[in-house]
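What follows draws every value from the coordinates through simple rules; no lab data is involved. On a predicted model such as this, the values are computed, not experimentally measured, just so you know. Cβ placement follows ideal geometry from the backbone for every residue including glycine, while neighbour counts extend to all protein chains displayed.
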Amino acid sequence: MEQNKQRIVVKVGTSTLTHDSGAVDLRSMEHLVRVLSDLSGAGHEVILVTSGAIAVGTARLGLPERPKELRMKQAAAAVGQCRMMHIYDKLFSEYNRTMAQILLTGDDVEDPQRAEHLRSTFSALLEMGVIPVVNENDSVSSAEIETGHHKVLGDNDTLSAIVAELCRADLLVLFSDIDGLYNADPKRYPGARLLHQVQELTPEILEMAGGAGSWRGTGGMATKLSAARIAMAAGCDMVITNGERMEDLYGIVEGKDIGTRFLAAGYKGEHV
């Protein structure tokens with residue numbers, strides 16, 4: 001992998017971008033945007049995959065809790081997405097960076113013709129130094145996801161890996177609420193050891209993921225290993241690291257042992 005210029009996809013989750021109340025965590029978003037803008041300024045091509053639209057919309061609408069009814073979730077997502085893009089645009093502008101919004105559904109990435117158009121759009125934006133900000137189009141696709149009729153994306157870990165594959169990225173970074181993949185659940189076993197490198201998705205590695213939602217965060221570690229399979233098969237390294245330390249991105253891009261790095265070179269076709 002070329003060190004001086006990389007195509008990097010960064011995924012941030014709702015827990016990193018919002019407070020417990022669901023309101024936008026402006027300090028976290030500002031920190032993220034500053035680091036991404038700096039990496040872009042250094043010559044890297046940066047794509048951001050962001051979550052949080054439903055949580056932010058819920059707070060913006062003054063709702064007492066996250067809606068349970070599907071149509072209300074989709075309405076909250078529409079409001080929240082608008083709010084988040086406004087904030088991202090404002091922050092990126094302060095660092096003299098131009099951003100673009102791309103909203104995806106399962107059909108967009110499954111259909112070969114649509115996928116090719118998407119690839120061309122990403123390519124054109126990156127050529128012009130624009131930072132694409134990507135999210136699933138919750139207002140359209142949640143119905144498919146929640147009813148199980150058409151589950152392609154389903155979570156932003158998977159979405160970010162599909163984007164990395166689509167864009168032929170060199171590196172995918174998943175910001176999580178833990179430091180990486182441990183050999184046991186660190187919440188239950190204080191002596192659990194952080195794995196800095198994973199060369200192959202062996203049955204032992206997959207077993208470490210536990211079940212969906214076993215650790216805090218949407219889908220738990222299992223969805224992240226599923227994302228690793230997609231990224232590695234596409235020739236893209238993937239790193240899981242803690243979203244509380246945005247500045248770690250600099251070291252990760254340099255190849256330092258931060259978080260857990262899944263090496264594309266070691267991929268042998270295992271399935272999660």
By the DSSP-based rule, helices of the chain that are at least 18 Å long along the axis (C-alpha) and have a mean Kyte score of at least 0.0 are 26-41, 220-233
State to the nearest 20 debye the size of the charge dipole of the chain about its Cα centre, where the only charges are +1 on K and R beta carbons and -1 on D and E beta carbons. 400
Can you find, among Y95, G259, L70, the residue sitting farthest towards the positive end of the charge dipole of the range 7-266, where Lys and Arg contribute +1 and Asp and Glu -1 at Cβ? L70
Estimated [θ] at 222 nm from DSSP helical runs (n ≥ 4, -39500 (n - 2.57)) normalised by residues in the chain, nearest 500: -13500 deg cm²/dmol
Measuring from centroid to centroid over Cα atoms, what is the spacing of the range 1-61 and the range 112-142 in Å? 16
What number results when the radius of gyration of the range 1-149, computed over Cα atoms, is divided by 2.2 N^0.38 Å? 1.09
Calculate the all-directions average of the projected area of the chain's alpha-carbon convex hull, and give it in nm². 13.7
